[in-house]
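See below for the structure under consideration.
Read-outs: derived from the displayed coordinates by stated rules, not from any lab. These numbers come from a predicted model, not from an experiment. Ideal geometry is used to build each Cβ from the backbone, glycine not excepted, and the neighbour counts take in all protein chains shown.
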There are 2 protein chains.
Amino acid sequence: MLSERRLQVLRAIVQDYVGTEEPVGSKALTERHNLGVSPATVRNDMAALEEEGYIAQPHTSAGRIPTDKGYRLFVDKLAGVKPMSPPERRAIQNFLEGAVDLDDVVARTVRLLAQLTRQVAVVQYPSLTRSTVRHVELLSLAPARVMLVLITDTGRVEQRVIDCPAPFGETSLADLRARLNSRVAGRRFTDVPSLVEDLPEAFEVEDRGTVSTVLSTLLETLVEENEERLMIGGTANLTRFAHDFPLTIRPVLEALEEQVVLLKLLGEAKDPGVTVRIGHENAHEGLNSTSVVSVGYGSGGEAVAKLGVVGPTRMDYPGTMGAVRAVARYVGQILAES
Amino acid sequence: MLSERRLQVLRAIVQDYVGTEEPVGSKALTERHNLGVSPATVRNDMAALEEEGYIAQPHTSAGRIPTDKGYRLFVDKLAGVKPMSPPERRAIQNFLEGAVDLDDVVARTVRLLAQLTRQVAVVQYPSLTRSTVRHVELLSLAPARVMLVLITDTGRVEQRVIDCPAPFGETSLADLRARLNSRVAGRRFTDVPSLVEDLPEAFEVEDRGTVSTVLSTLLETLVEENEERLMIGGTANLTRFAHDFPLTIRPVLEALEEQVVLLKLLGEAKDPGVTVRIGHENAHEGLNSTSVVSVGYGSGGEAVAKLGVVGPTRMDYPGTMGAVRAVARYVGQILAES
DNA sequence: GTCTGGCACTCGCACGCGCCGAGTGCCAGG
DNA sequence: CCTGGCACTCGGCGCGTGCGAGTGCCAGAC
């Protein structure tokens, strides 16, 4: 087991490296942090930490930098989550409250996160799975063409145009609309399939085909939209770690374009609190030299989607975690209100 | 005026530079293009072209590279638009036809453009201004809370939650819905204001406040959404011009995050055909070393929105213009069908 | 007049070299 | 177990040099 002081040394190394972006040596450490011991002692501790795999030397006779394992220990044991200051909180709240619709909420959240953390922000749209149906609307576009509009309690709207197997009258449409809504309004999305399965039986034979088509489209919308959409922003922040250039950011940009990858990334975080995945802990290769800080957010107590940031493993974990947590909290509030 | 051969020399310089990304010298030119003259002659021509400002030397005793002015001449006079090959066309069409809704159309278009041109693609959502109202839906969420859903002929859906000044009954709501739709359905968006202005008068006094609120929200939606949304993709392609690094791509990434900037950029293109803005022709500073190739697209003959790509001034203009034009054409088709 | 080959000249760039200093590991002594 | 001292390592930086691509100019050919 590592002694208390060695842990302190590791903490100091992480903090310094995050600040300076340069390998940190034993002398610099003793100067900036009053550890109460000499550089030589620190050197011994560093040797031990290196032995254990928490830090590494980029080149012989250079300072040490933390490894992924080192950051992991730092995040788990050595650092807490730095709470946002009250003025910051107020700023977050104010900024988010100006949103006019769901798209706007998400867009503002992305900007906010990117600005606060100075990193790339990723926000998943509130999921349909956990949320409830507020209303289903059916509109007749043509005799045999219907538009289905699904509105969720998170303010999300999905629409599909349906070609009906047979013409469908206005009265039948109104009937279907009414029956559908009385059954599913306010219900969990996951409950919908069983709630509507016997619905075609209530209709005239000639309309049943259309009703079935509408219902299956509705269910499809549910499933399809579980492949969530998301919004990203702050990619310009990638240029901040500009030394190790194209090599580093190229794969990151590529990964960010792959929505699937990002969704999996966010999805992996099971923890109810803030989750941090460091370097190689990320399944995707392109993100092996980045860390992902994510957390679920939701309108009620429950998480309906995730948000987070992607940045270099060398990041200010406590601050980033604090910002991510705070933003998630306020987005949840906003969603609950609307 | 420049002689025919000098124009050919300029064309050759542009083509070579675009291909190799390196300043091109007189000798290399005569080798790769059979101009029928010696390097010395070409040198004289180059001196003349430089005098006129079409090309420049990055350093004394290096080859020449085209200036913005040189590219401009190239685009205007020396090169056409390279049409897509039939297989390419088919691929485009197939890819776009798989889309399930408007978001998907736009998302696919972005991916396609980015892949075809290997540059950053920008696609504006079809505008509300030029399009027509397909349907307006009103839903009662609570006694004094109404959701307004606006559906356009381009398949776009916008929604707003409205807090009413007074409770608003279901029957009044149905009445308003019916009247509203009979007036605006199928009408141009720009005509809507004058079509609905006298609508409150048809209602009971106690409902007029709510009706007015709903109407003004509707009009607001129209105006607000004229600040169009857009989708971008292919940012990873920025890393391809990787020499002049962070310096170049940083401002570009920043500009790309500013939707306003991009919209202005696309909006500036008035030409009915493909528009090319080269380097400093772009108002935004961050894009001074990039070119923007854009074109309008639309469901009918009319353009309802723009799409385009952003790339280094050193780009394959004929190919890019061809790809942009082809994609715009097929997106228009898809929109008209749905 | 226009084009061509030849020639001297210019510079940017890659390469090699040596110095410097930060940082290390180890050891003997407190 | 900590500390100060010491020899060693090695990456980075500045400098000088040689090379070569490319130019401009000029005298001669068609």
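Considering Cα pairs under 8 angstrom that are at least six residues apart, work out the relative contact order of region B:253-338 and quote it in whole percent.
24 percent
Name the most mobile residue of A:L266, A:L35, A:L116, meaning the one with the largest mean-square fluctuation, in a Gaussian network model of chain A with Cα contacts below 10 Å.
A:L35
For the residue pair A:S194 and B:S182, what label-to-label distance in nm results when each label sits 7 Å from Cα along the Cα-to-beta-carbon direction?
Reported label-point gap for A:S194 and B:S182 is 4.5 nm.
Among B:A12, B:A114, B:A91, which one moves the most in a GNM of chain B with springs linking Cα atoms closer than 10 Å?
B:A91
Per DSSP H run of n ≥ 4, the term is -39500 (n - 2.57); total these for chain B, divide by its residue number, and report the mean residue ellipticity at 222 nm rounded to 500 deg cm²/dmol.
-14500 deg cm²/dmol
Dipole magnitude of the protein assembly as shown about its Cα centre, charges +1 at Lys/Arg Cβ and -1 at Asp/Glu Cβ only, in debye to the nearest 20?
In debye, rounded to 20, the protein assembly as shown gives about 1900.
How large is the dipole of chain A about the Cα centre if only Lys and Arg carry +1 and Asp and Glu carry -1, each at its Cβ, rounded to the nearest 20 debye?
In total the dipole reaches around 1540 debye.
Could you give, in nm with one decimal, how far A:D191 is from each other copy of that position, shortest first, with labels 7 Å out from Cα toward Cβ?
Here A:D191 shows inter-copy label distances of 4.5 nm.
Averaged over peptide A:148-160, how many Cβ atoms belonging to another chain are found within 10 Å of each residue's Cβ?
Average neighbour count from other chains, rounded to a whole number: 3.
What FRET efficiency do you get for A:R145 and A:E97 if R0 is 56 Å and r is their Cβ-Cβ distance, rounded to the nearest 0.05?
Once the sixth-power term is evaluated, E becomes 0.90.
Got a sec? How would A:L238, A:L262 order by Cβ neighbour count within 10 Å, fewest to most?
Ordered from fewest to most neighbouring Cβ atoms within 10 Å, A:L238, A:L262 come out as A:L262, A:L238.
With viscosity set to 1.567 mPa s and temperature to 4 °C, compute the Stokes-Einstein D of chain A, Rh being the Kirkwood radius across alpha carbon pairs; µm²/s, no decimals.
The diffusion coefficient I find is 57 µm²/s.
Taking each residue of A:249-262 in turn, how many C-beta atoms of other protein chains fall within 10 Å of its C-beta, and what is the average?
Other-chain Cβ atoms within 10 Å of each residue's Cβ, averaged: 3.
May I ask you to order B:19-25, B:198-204 by the average number of other C-beta atoms within 10 Å around their residues, highest value first?
Result, highest mean Cβ count within 10 Å first: B:19-25, B:198-204.
Which of the listed residues, B:T275, B:G298, B:V261, is farthest toward the dipole's positive end in chain B, when Lys, Arg count +1 and Asp, Glu count -1 at the beta-carbon?
Sorting the options by dipole projection puts first B:T275.
Place the peptides B:308-319, A:270-281, B:284-295 in order of packing, highest mean first, counting for every residue the other Cβ atoms within 10 Å and averaging per peptide.
B:308-319, B:284-295, A:270-281
With each label point set 7 Å from Cα along the Cα-Cβ vector, what nm distance links B:K270 and A:V37?
The modelled label-to-label distance comes out at 7.4 nm.
Would you please give the FRET efficiency between A:K77 and B:K27, computed as 1/(1 + (r/R0)^6) with r the Cβ-Cβ distance and R0 = 56 Å, to the nearest 0.05?
E(calc), rounded to 0.05, equals 0.30.
Going by the alpha-carbon gyration tensor, a ≥ b ≥ c the square roots of its eigenvalues, is region B:252-298 rounded (a/c under 1.5) or, if a/c is not under 1.5, prolate (a/b greater than b/c) versus oblate?
oblate
Arranged from highest to lowest average of other beta-carbon atoms within 10 Å per residue, in what order do the peptides A:140-148, B:154-162 appear?
Highest-to-lowest ranking by the protection proxy: B:154-162, A:140-148.
State, to one decimal in nm and shortest first, how far the label point of B:E337 sits from each corresponding label point in the other identical copies (label point: 7 angstrom along Cα-to-Cβ).
Relative to the other copies, B:E337 has label-point distances of 4.4 nm.
Calculate I(q)/I(0) for the protein assembly as shown by the Debye formula, one identical point scatterer on each C-alpha and no solvent, and give its log10 at q = 0.08 Å⁻¹ to two decimals.
Computed log10 I(q)/I(0) values: -0.75.
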